[in-house]
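K.L.:
Dropping a structure here in C-alpha cells format, bear with me for questions.
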Amino acid sequence: MSVAKQLRETRKKLRKMGIHPWYKIEKNRGWIVIDLKEFAALIKKKINHPNKKVYLEGDKLVIEVWK
C-alpha cells in the first residue's frame, strides 16, 4: 500500500473522530499534522466529570477538574 493511500485512510479515521488534520506527502514519506486545540477539544468531550476545563499551557495539555 502506498504512503499516500495510508495517509488518506488515516485522515478519514481522524475526521470521523472529530479531528481535522492536514497532511503532506512526498515520494516515500508523509506527515499528518493535528492542531493541539482540536486534540484538547476531543479529550474534553471524552471526560465525564461535570466540572472540567481543558487547555494548553505552553507545550503541556492541562486537564483541570473541581468539585
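The values are calculated or read from the model by the stated rules, or taken from the named source; none is laboratory data. Here the structure is a predicted model, which is why all the values come from computation and not from measurement. Neighbour counts run over all protein chains shown; Cβ positions are idealised from the backbone, glycine included.
K.L.:
Would a scan of segment 51-61 turn up a residue that is surrounded by 11 or more Cβ atoms within 10 Å (Cβ to Cβ) and outside any strand (DSSP E or B)?
P.N.:
Checked segment 51-61: no residue is surrounded by 11 or more Cβ atoms within 10 Å (Cβ to Cβ) and outside any strand (DSSP E or B).
K.L.:
Across segment 12-67, what is the number of residues that are of a type in the set (S, T, N, Q) and either closer than 22 Å to Met1 by Cα or at pLDDT below 90 (or both)?
P.N.:
So in segment 12-67, the residues of a type in the set (S, T, N, Q) come out as 28, 48, 51.
Now narrow it down to the ones that are either closer than 22 Å to Met1 by Cα or at pLDDT below 90 (or both): 28.
Count: 1.
For (1) exposed (fewer than 13 other Cβ atoms within 10 Å of the Cβ); (2) part of a helix (DSSP H, G or I); (3) on the phi > 0 side of the Ramachandran plot; (4) touching a residue at least 12 places away in the same chain (Cβ under 8 Å), each residue gets a yes or a no:
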residue	(1), (2), (3), (4)
Glu9	yes, yes, no, no
His20	yes, no, no, yes
Tyr23	no, no, no, yes
Ile32	no, no, no, yes
Phe39	no, yes, no, yes
Asn48	yes, no, no, no
